[in-house]
1. For the subset of the stretch A:42-58 comprising residues that are near DNA strand C (Cβ under 10 Å from one of its atoms) and not polar (S, T, N, Q), which member is least open to solvent (accessible area, probe 1.4 Å)?
2. Specify which of the listed residues (A:G136, A:G157) is in a helix (DSSP H, G or I), at pLDDT 95 or above, in contact with a Lys or Arg (Cβ under 9 Å, 6 or more places away or on another chain) and surrounded by 21 or more Cβ atoms within 10 Å (Cβ to Cβ).
3. With respect to B:D188, is the statement that it is under 16 Å from the mean Cα position of the chain (by Cα), open to solvent by less than 40 Å² (accessible area, probe 1.4 Å) and of a type in the set (D, E, K, R) true?
4. Restricting attention to the stretch A:55-72, does a residue exist that is touching a residue at least 40 places away in the same chain (Cβ under 8 Å) and within 10 Å of DNA strand D (Cβ to nearest atom)?
5. Of the numbered conditions (1) part of a helix (DSSP H, G or I); (2) touching a helix residue (DSSP H, G or I) at 6+ places or on another chain (Cβ under 7 Å); (3) surrounded by fewer than 17 Cβ atoms within 10 Å (Cβ to Cβ), B:S131 fails exactly one; give the number of that condition.
6. What are the residues in the stretch B:1-41 that are more than 10 Å from DNA strand C (Cβ to nearest atom) and among the β-branched types (V, I, T), if any?
7. Looking at B:L24, is it within 14 Å of DNA strand D (Cβ to nearest atom), in contact with a Lys or Arg (Cβ under 8 Å, 6 or more places away or on another chain), open to solvent by less than 10 Å² (accessible area, probe 1.4 Å) and under 30 Å from B:G157 (Cα atoms)?
8. Which of the following residues is facing chain B (nearest Cβ under 9 Å), out of contact with any Asp or Glu (no Cβ under 7 Å at 6 or more places or on another chain) and open to solvent by 40 Å² or more (accessible area, probe 1.4 Å): A:D174, A:D147?
Number of protein chains: 2
Amino acid sequence: MRQVPAKLASKLYGAAELIAERGLADAKVDEIADAAGIPKATLYYYFTGKDEVLAFLLADMLGLIAGEVGTAASAPGSARDRLESAVEAQLAVMLDHPAVCRALVGDLGRATRLPELAAALQEAFHRPIASLLAEGVSDGTLRLVEDPGAVALSIFGAITVTGLSAAVDGSSNDSAKDAARIAASICDLMLNGLATTPANPEGDR
Amino acid sequence: MRQVPAKLASKLYGAAELIAERGLADAKVDEIADAAGIPKATLYYYFTGKDEVLAFLLADMLGLIAGEVGTAASAPGSARDRLESAVEAQLAVMLDHPAVCRALVGDLGRATRLPELAAALQEAFHRPIASLLAEGVSDGTLRLVEDPGAVALSIFGAITVTGLSAAVDGSSNDSAKDAARIAASICDLMLNGLATTPANPEGDR
DNA sequence: TCATATCTTGAACTCCCAGTACAAACTATG
DNA sequence: CATAGTTTGTACTGGGAGTTCAAGATATGA
């Protein structure tokens, strides 16, 4: 994949709705090119095929999210507050690009190999979240958990699936507000839990 | 899609690994038929194409999970205990069929339309989990939350993404044990939360 | 200013493979 | 046995992904 010029990159987002709606298999290359407003030959100059177009959108999106989450996580404030910001940041990006989210979840296997995605996510999200958890233990705003990696993955899953659900359901006109509302609900769950009795110090077996 | 005989159904699972590894687009129909050990003509007698084969696997899988989760949720015991059983039940089914999970997550858009999937999940999981939450409030083992639907979705997301991650990572030789371990980690998070200070009764603003 | 490299695009072409057609054999079941 | 449904092999075709190529446009820089 050649270095994609910014102008072309932004045009590609115009094809996301088509891919999301019809699926990559059903969307013809000519149609994707039309939707993006670029000639098919140009598309093939930059990409080896439609799979790579989707791969580009995935990479772009991951970069965006990683940036926002990273910023939120390294801001000043308690670890707990930063965790809440990070959750909202990921949701905000997802709800800003619902069509891309739908396109990606529908054809994820054509945009990346799953093990590679897992590794990339590990790097971009689980690690920052996991270190946020560690910092929370230090500053006293979060409790110590047994397996921070697993917790980070669970949080990521809750955010992602909730965000996808919102993207699929179609949306209101104020995605930032939606993101805040959903983030609050997730954070309430993740921070306060559902139990009425406090955690059993001997473990929850 | 014709009524699929049980014998054929079980054979189809034999093609899951191929589809998971290469993706539906790259796996030729003849190869899928070979992997399943059925003639291509027979495959086309029952299905309109490879998309429908994957759709069948999805439906079968959802049925399995819904059954196990439903059983766990309606067993005797406190709502909290049943919630834990339900979490483990879904993970157990997923880890029992890692290849199907990988195949589905790679080509979800070819197995179903996403809004339909969302509706089906709503019915099969979020509803039972949401009512479990309500029962928990009644029997005093779970606290009242503002938006049970959102909480149910978050829990589902945490389970699903964690389960997929385990399926992608390849696995140990004791998937039941893995499921139990992962479930315990998720339940610890969902029940006890991460906060050190108790929930603010005025809301978490 | 020219030369050279890179980008942009249209158009024609190839080849693969999903899906179809069909007929013969086989199996149930009443 | 008759009839309906199932199973399977083989041959075919149509569409579309991706390739090729060449001509024009645009940049780079000497």
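The values are calculated or read from the model by the stated rules, or taken from the named source; none is laboratory data. Fair warning: this is a prediction, and the values are worked out from it, not measured in the lab. Heads up, the Cβs are rebuilt from the backbone with ideal geometry, glycines too, and the neighbour counts pull from every protein chain shown. Areas reflect the complete protein model, heavy atoms only, side chains present, ligands, DNA and RNA absent. Shrake-Rupley method; radii C 1.70, N 1.55, O 1.52, S 1.80 Å.
1. Filtering the stretch A:42-58 for residues that are near DNA strand C (Cβ under 10 Å from one of its atoms) and not polar (S, T, N, Q), the one least open to solvent (accessible area, probe 1.4 Å) comes out as A:L43.
2. So the residue among A:G136, A:G157 that is in a helix (DSSP H, G or I), at pLDDT 95 or above, in contact with a Lys or Arg (Cβ under 9 Å, 6 or more places away or on another chain) and surrounded by 21 or more Cβ atoms within 10 Å (Cβ to Cβ) is A:G136.
3. no
4. No: zero hits.
5. (2)
6. Hits for the stretch B:1-41 are B:V4, B:I19, B:I38.
7. Taking the combined requirement at face value, the residue satisfies it.
8. Residue meeting the stated conditions: A:D147.
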